[in-house]
Each structure stands twice: as C-alpha cells, then as structure tokens.
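Undergrad: Please read through the structure below; I'll follow up with questions.
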Amino acid sequence: MSSATPLTKALIYGGKTGWIGGKMAELLKESNVEVVLAEARIENRADVAKELDDVKPSHVFMAAGITGRPNIDWCEDHKPDTIRTNVIGTLNLADLTNERGIHCTIYATGCIFKYDEAHPLGSGIGFTEEDTPNFDESFYSQTKGYMEPMLKCYPNCMTLRVRMPISDDLSHRNFITKIVKYERVVNIPNSMTVLYEM
C-alpha cells in the first residue's frame, strides 16, 4: 500500500467474543473510530468478501483464531479445525483485504520462538522480523509459524505478535489472572503484551 489511509472505520474479526478483539473495539470507540464487529467466520471466504464489500472499512483488525479450550493442547486433537481457522482463515482475510487495498492488522502470537544457540538464555539477543520461527513444540505454534513467511507476501498486512497478554481487567484470558492460579512458575525471561499499549 503506497500511502496511509486514515483510520475512520474498523471492521474487527474476533471482536464479538474474543478478549483482544473486544479490547480493540473499546479502544477504537474511545478514539471516535466507527467500529463494526464482524459477523462472518474467517474461514468462509465468500462470506468475508461480502462483509468487506458491504462494510467498506478503512482498516481491518484480525483477532480471530483458535487457541483451544481449555488451552492450546485442544489443537493437538483438532488439527483440521485449527488449520481451517488459523491458516486458511487468516490467509483469506490477508488476501481479500489486499485485493481491496485495505490495511489489515493481524494479532498473531509470540509463541513461535524459543531460546537457541543464536539466541541463548540470558544473552539479551532477541529475534528480528527476518528470523525464522523455531518453536514448533505445539500444533498451535506450528500453524502460527507457517503464517509468518506467507503474511510477509501481503504488503497491506501488519502482524503484531502477542505474548502473555496482560490488561487492567480480571478476564480469565489475562496472563496475570492465569499465573496466580499456577502451582509452579518457571523463572525464564519472556516478553509480555500490555493490551492498552498496542
């Protein structure tokens, strides 16, 4: 995309039932941006295309995806469902918004990297946009890692890697709310996403 389009009307996928999408809707409304919460499921390409054409957003925010319930282990036993949403659905949205010249912000995951020889624990050496995802120890992370090189092909897309999201609410999705229930916490440096700073 050659020039920035003013953010006047946002279409949010994952905003009706998703925690992060809902937070984005609140923040955008506070900034006097018109917000539409998507009805179409991202894996249904024709429905998404129609919704984009009907709503005519200036920007799309994609916070939809399958993380599994009660946790990402669900994805191990539901691989086709996970692919349908996290891969096919995400690519549908990236491709359809690109065809229409609409900016698309994709909320992805930071759970695609792990410490390795080039990025040793405690070294302070971080990962860059050019690094290949190296964490594939869960099917969820594998699907998200597949998306990285493909999404780079879409100049209209910006990927935000959310990691251990925290917020000022007590949602069950908030990392602070989760960690207080853990029996054991590991002491490994990691990054966190403060949702109101996105």
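The values are calculated or read from the model by the stated rules, or taken from the named source; none is laboratory data. If you're wondering where the values come from, they're calculated on a predicted model, not measured in any experiment. Heads up, the Cβs are rebuilt from the backbone with ideal geometry, glycines too, and the neighbour counts pull from every protein chain shown. Quick note on the areas: whole protein, heavy atoms, side chains included, nothing else; ligands and nucleic acids left out. Shrake-Rupley method; radii C 1.70, N 1.55, O 1.52, S 1.80 Å.
Undergrad: Considering each of LYS178, LYS114, LYS152, LYS144 in turn, give the residue that is modelled with pLDDT under 75 and surrounded by 12 or more Cβ atoms within 10 Å (Cβ to Cβ).
TA: Matching residue, one of LYS178, LYS114, LYS152, LYS144: LYS178.
Undergrad: Restricting to segment 3-27, name every residue that is in contact (Cβ under 8 Å) with a residue 24 or more places away in the chain and open to solvent by less than 40 Å² (accessible area, probe 1.4 Å).
TA: Result: ALA10, LEU11, ILE12, TYR13, GLY14, GLY15, GLY18, ILE20, GLY21, LYS23, MET24, LEU27.
Undergrad: Looking at (1) of a type outside the set (A, V, I, L, M); (2) open to solvent by less than 60 Å² (accessible area, probe 1.4 Å); (3) out of contact with any strand residue (DSSP E or B) (no Cβ under 9 Å at 6 or more places or on another chain); (4) within 19 Å of VAL162 (Cα to Cα), which is the only condition GLU43 fails?
TA: Here GLU43 clears every test but (4).
Undergrad: In this structure, is ARG84 modelled with pLDDT under 85 and among the basic types (Lys, Arg)?
TA: Answer is no for this residue.
Undergrad: Then there is this: In segment 61-101, which residues are open to solvent by 10 Å² or more (accessible area, probe 1.4 Å), under 23 Å from ALA49 (Cβ atoms) and among the hydrophobic types (A, V, I, L, M, F, W, C)?
TA: Of everything in segment 61-101, those that are open to solvent by 10 Å² or more (accessible area, probe 1.4 Å), under 23 Å from ALA49 (Cβ atoms) and among the hydrophobic types (A, V, I, L, M, F, W, C) turn out to be PHE61, ALA63, ALA64, ILE66, ILE83, VAL87, ILE88, LEU91.
Undergrad: Looking at THR109, THR132 in this structure, which one is modelled with pLDDT under 85, buried (at least 19 other Cβ atoms within 10 Å of the Cβ) and out of contact with any His (no Cβ under 8 Å at 6 or more places or on another chain)?
TA: Sole residue among the options that is modelled with pLDDT under 85, buried (at least 19 other Cβ atoms within 10 Å of the Cβ) and out of contact with any His (no Cβ under 8 Å at 6 or more places or on another chain): THR109.
Undergrad: Quick one: what pairs do we get from segment 100-113, first residue touching a residue at least 60 places away in the same chain (Cβ under 8 Å), second open to solvent by 10 Å² or more (accessible area, probe 1.4 Å) and hydrophobic (A, V, I, L, M, F, W, C), C-beta under 6 Å, 6+ apart or different chains?
TA: From residues that are touching a residue at least 60 places away in the same chain (Cβ under 8 Å), the pairs are TYR107/ILE20; TYR107/ALA63; TYR107/LEU160; TYR107/VAL162.
Undergrad: Of everything in segment 114-137, what is of a type in the set (Val, Ile, Thr) and more than 17 Å from ILE188 (Cβ to Cβ)? Give them in sequence order.
TA: THR128, THR132
Undergrad: Within the group GLY21, GLY126, which residue is touching a His at 6+ places or on another chain (Cβ under 8 Å) and within 26 Å of SER138 (Cβ to Cβ)?
TA: GLY126 is the lone residue from the list that is touching a His at 6+ places or on another chain (Cβ under 8 Å) and within 26 Å of SER138 (Cβ to Cβ).
Undergrad: Mind checking which pairs have a first residue in segment 126-151 that is closer than 15 Å to ASP81 by Cα and a second that is among the small types (Gly, Ala, Ser) and open to solvent by less than 40 Å² (accessible area, probe 1.4 Å), Cβ under 7 Å, 6 or more apart or different chains?
TA: Correct list of pairs: TYR140/GLY68; LYS144/ALA108.
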